[in-house]
Amino acid sequence: MDKQINTLHSPLILGDLHLKNRIIMAPLTRTRANNPGHVPTDLMREYYEQRATAGLIISEGTWVSERGQGWYGAPGLYNIEQSRAWEHITSAVHAKGGLIFAQLWHQGSISLSEFFEDGRLPLAPSAINPLQMVHVKDGLKMSEVPQEMTLSDIQQAVEDFRKSAQFAKDAGFDGVQLQAGYIYLIMQFLHESTNQRTDLYGGNIENRARFLFEVLDAVLTIWPAERVSIKTGPMLNEQGIFKAVPSTLKTLEYVYNKLNQYKLSHLLLMRQLADLNGTPLVALQGDDVLNHARKHYFGKIILNVDIEPDHAENLVSSEEVDAIAFGREYIANPDLVERLLIGASLNPQRPEGYYGSSPEGYTDYPFISHIPVFNS
Ligand SMILES: Cc1cc2nc3c(=O)[nH]c(=O)nc-3n(C[C@H](O)[C@H](O)[C@H](O)COP(=O)(O)O)c2cc1C
């Protein structure tokens, strides 16, 4: 067998967890939860169970509160009913020898008042429309101007993360991951275009990062650091208000440096999805985002976004990174671990099924052993 393939399939220790391989399932919102109620379903159990051979599954984003929602069909993790439903999923993954973290998610301004029963506006650090498309029941709608969070809203959001971390523990997850990247609430505090506060949560970098570290400290009252991970980095979608600005890198460098004190399970880092030419991040194309992070963050790093299997193998065998997270390939290949091991071809993607409510494009991607063989 190819020596290189062995590294991606070799075990990895993350804190006190022993991963059987370095092939990680990236967090993927798939909108198969119940509505209303945002309760995980049996179909979701089947989907995660199918992918339990991953070294570690990071769950789809799961809301820490009713106020944190903003995507039709996504699940929550903020009440007993949701937590019990997640328990069916974690038990199924464990029964197949897998490990699963819950991704804790607050969407902030990436939401709409129509999601809230009383028509309240979504919450955000400042009343600034992020100009993003929001997933509603029948398609996409432009975001609106959110409501600026009061100090008591901020305290409540921190407490919501803490409570959700407890629900995750009760549900049998192996750990939690903070969604502190891309365009959601924690990033809305970090980014100066969405945070124009003049109090302790806005202005300089330390203030903009305060919410993130308060959330992290709250979650660490429930979980040991080795079971807590974070998804963050300079990756934005470069659309609407989420464009890299000169302070983007300095902000992230501050965050990486401070995170070093925490000895977390890992950092999930995204390579760029957008074209960075002409932006302040032009030097961070491709793997350069990793090279930059490595200079500032000294813990385990899982790299993600558009990584071909051969390149994934090179990155882990050269010890540039600890593991690779696959997103879209995990949507289409429940047995990705096995396929990469034997060098089998990968199933083609069916993006029309990324979001939806049915098993089509969700649990019906074939396993290699299930592909029918026809005699000619
Ligand atoms: C359908 C879909 C849903 C996603 N949902 C989430 C999510 O809930 N949380 C998150 O952090 N990233 C989410 N992402 C981003 C993925 O985790 C990953 O970064 C992205 O797919 C790029 O990796 P890939 O090139 O391996 O697919 C999503 C991506 C896709 C395609």
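Overview of values
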read-out	value
Debye log10 I(q)/I(0) at q = 0.12, 0.17 Å⁻¹ for the stretch 219-376, Cα point scatterers	-0.67, -1.13
Using alpha carbons only: equivalent-ellipsoid semi-axes of the chain, gyration tensor based, whole Å	31, 24, 20
Difference of contour (0.36 nm per residue) and Cα-Cα distance, M142 to L220	24.5 nm
Out-of-range pairs (alpha-carbon distance over 22 Å; input K96/K169; K169/K250; K231/K295; K163/K243; K163/K300; K169/K295)	K169/K250; K163/K243; K163/K300; K169/K295
Where labels lie 7 Å past Cα in the beta-carbon direction, separation of R120 and E81 in nm	1.9 nm
Cα→Cβ-extended label distance, 7 Å offset, between N257 and D275, nm	3.4 nm
Distance between modelled label sites at V282 and Q155, nm, 7 Å Cα→Cβ extension	4.7 nm
Built amide H within the under 5 Å cut-off of L178, gap 5+	L104, S229, I230, K231
Unit Cα scatterers, Debye sum, the stretch 147-240: log10 I(q)/I(0) for q = 0.15 Å⁻¹	-0.60
Gaussian network model of the chain, Cα within-10 Å springs - most flexible of S113, S318, S91	S318
Å² of accessible area per residue within the stretch 171-226, as computed with a 1.4 Å probe and no ligands counted	29 Å²
All Cα pairs of the stretch 196-239, percent lying beyond 12 Å	69 percent
Share of Cα-Cα pairs in the stretch 36-157 lying beyond 17 Å, as whole percent	60 percent
Max mean-square fluctuation residue, GNM over the chain, Cα-Cα springs under 10 Å, options M270, M142, M25	M142
Residues with amide H under 5 Å from that of I57, placed H, sequence gap 5 or more	M25, L99, I100, F101
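The values are calculated or read from the model by the stated rules, or taken from the named source; none is laboratory data. Source: prediction; values computed, not measured. Virtual Cβ from ideal backbone geometry, glycine too; neighbours counted across all protein chains shown. Side chains included, ligands, DNA and RNA excluded: accessible areas come from the protein's heavy atoms. Shrake-Rupley method; radii C 1.70, N 1.55, O 1.52, S 1.80 Å.
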